[in-house]
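The values are calculated or read from the model by the stated rules, or taken from the named source; none is laboratory data. Note that the coordinates shown come from a computational prediction; the quantities given were computed from them, not determined experimentally. Don't worry about glycine lacking a Cβ; one is built from the backbone with ideal geometry, like all the others, and counts go over all protein chains shown. These area figures cover heavy atoms from the full protein model, side chains too; ligands, DNA and RNA do not enter into them. Shrake-Rupley method; radii C 1.70, N 1.55, O 1.52, S 1.80 Å.
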Amino acid sequence: MTKLKFAVCGAGFWSQFQLAAWGEINNAICVAVCDSNLEKAAALASRFEIQKVYTDATEMIRNESLDFVDVISSPASHESLVRLSSENNLPVICQKPMAEEWDACERMVEMCRKTNTWFAIHENWRWQSTLRRVKQCLDAGDIGDVFRCRLDFVTGFDVFANQPTLRESERFIIADLGCHVIDYARCLFGEATSIYCRTSRVSTAIRGEDTATLSLWMNEGQTMVDINLAYAGTPLEDDCFPQTRLFAEGKLGSLELLSGYRIRVTTQEGTREEVLPPENYRWVDPRYAVVHSSMVACNSHFLEYIQLNRPAETDGRDNLRTMKLVFAAYESAARNRCIVF
Ligand code: 89V
């Protein structure tokens, strides 16, 4: 089978894991890497045996014969790189969050629509094996109609150690992490009809908010969804970074996702437990296991849908709805108002 050739834009912290995740997939091969920092690009290329290195994405796209581009650079650079791909009608995968401003997100989706370019956001949360299984249980009606669900991502983990630029983000936890959890809430319950959000900054060493509580009505007003996010550095007895915890209440029972990848479903018949640890690929950093291994499933899905030329689950248009909630959360917090859609 011919392998699809792709290029990576961005040689920062996530690219090494993204490339390792691509390495688990047989029918794709990275042929070029581009970063404005030549040394970083060259180091990544040599580690993953990638033939070509560029500092200019336009030149790379002109010179290489590519089947798609994987943009793994910082959010500020996403729009121009997606534009470049769309001008060349090259399928493009772009890291989350789509962009730093709502207007840029809209422009990116619109430019790909106009040029009929396949465009997806690398939103990997919903590809975590436990979160996928929770969706399966809820969709199968294991606990009946869900009237309330709490999603927690509260950790003392020092995320800035590996990603120091996050300290500078004016908008931090909702944009960087909230987009994952909001996207998963949409994956479970569909679109929101309202959102209310409060934020605070506990750490004095960063610019943006590191703590947020969001309250949404979802599922056509049938389900209350509460999302708690914190990167405030609080010491926790059971810190399961980067696992999401969940508690869903349904008319026939309840479902809990606990640390240690445990899913517990309680109905009148009693409680059953499943433990679903992530796939243990040799390149996975154990501190990020559940996220790193989800990238294989996420990339496989993209590859399949690029080949089928069908929109991925998290294609640009779909992810725009996630980003709408991200920006609405900030607006709600700034105005101390519930935003109704
Ligand atoms: O995927 C991400 O957004 C990363 C995390 C550390 C949460 O895995 O920042």
Can you tell me which residues in the range 283-311 are outside any helix (DSSP H, G or I) and either over 24 Å from residue 13 (Cβ atoms) or touching an Asp or Glu at 6+ places or on another chain (Cβ under 7 Å) (or both)?
309, 310, 311
Members of the range 237-255 that are more than 19 Å from the chain's Cα centre (by Cα) and open to solvent by less than 70 Å² (accessible area, probe 1.4 Å)
239, 247, 248, 249, 250, 253, 254, 255
Suppose we keep only residues that are in contact with a Leu (Cβ under 7 Å, 6 or more places away or on another chain) and among the β-branched types (Val, Ile, Thr) within the range 221-255. Which one would you say is nearest to the ligand (Cβ to nearest atom)?
244
Which members of the range 114-160 meet the condition of being at positive phi and touching a strand residue (DSSP E or B) at 6+ places or on another chain (Cβ under 9 Å)?
141, 144
Which numbered condition in (1) within 13 Å of the ligand (Cβ to nearest atom); (2) among the aromatic types (Phe, Trp, Tyr); (3) out of contact with any Lys or Arg (no Cβ under 8 Å at 6 or more places or on another chain) is the only one that residue 217 fails?
(1)
From (1) within 16 Å of the ligand (Cβ to nearest atom); (2) open to solvent by 50 Å² or more (accessible area, probe 1.4 Å); (3) assigned to a loop (DSSP other than H, G, I, E, B), pick out the condition that doesn't hold for residue 170.
(1)
From the options 332, 293, residue that is more than 20 Å from residue 188 (Cα to Cα), modelled with pLDDT of 95 or more and touching a strand residue (DSSP E or B) at 6+ places or on another chain (Cβ under 9 Å)
332
If you go through the range 221-230 one residue at a time, do you hit one that is in contact with a strand residue (DSSP E or B) (Cβ under 9 Å, 6 or more places away or on another chain), under 15 Å from residue 155 (Cβ atoms) and in a loop (DSSP other than H, G, I, E, B)?
no
If I ask for residues that are part of a loop (DSSP other than H, G, I, E, B) and either free of Cβ contacts under 8 Å to residues at least 12 places away in the same chain or more than 16 Å from the ligand (Cβ to nearest atom) (or both), which ones from the range 138-164 would you list?
140, 141, 142, 143, 144, 145, 161
From the list 309, 299, which residue is touching a residue at least 12 places away in the same chain (Cβ under 8 Å), touching a helix residue (DSSP H, G or I) at 6+ places or on another chain (Cβ under 7 Å), closer than 28 Å to residue 106 by Cα and among the polar types (S, T, N, Q)?
299
Restricting attention to the range 80-108, which residues are open to solvent by 20 Å² or more (accessible area, probe 1.4 Å) and either under 21 Å from residue 306 (Cβ atoms) or not charged (D, E, K, R) (or both)?
80, 81, 83, 84, 87, 88, 89, 91, 95, 96, 102
Members of the range 189-199 found to be open to solvent by less than 50 Å² (accessible area, probe 1.4 Å) and among the polar types (S, T, N, Q), listed by number
194
I need the strands (runs of 3 or more DSSP E) fully contained in the range 44-125, keeping only those with at least 1 residues that are touching a Lys or Arg at 6+ places or on another chain (Cβ under 6 Å).
119-122
For the range 139-159, which residues satisfy the criterion of being of a type outside the set (Lys, Arg) and open to solvent by 20 Å² or more (accessible area, probe 1.4 Å)?
139, 140, 141, 142, 145, 147, 152, 154, 156, 157, 158
Selection status of residue 186, more than 11 Å from the ligand (Cβ to nearest atom) and crowded, with 18+ Cβ neighbours inside 10 Å:
yes
Residue satisfying condition, being open to solvent by less than 50 Å² (accessible area, probe 1.4 Å), modelled with pLDDT of 95 or more, more than 16 Å from the ligand (Cβ to nearest atom) and in a loop (DSSP other than H, G, I, E, B), within set 11, 41
11
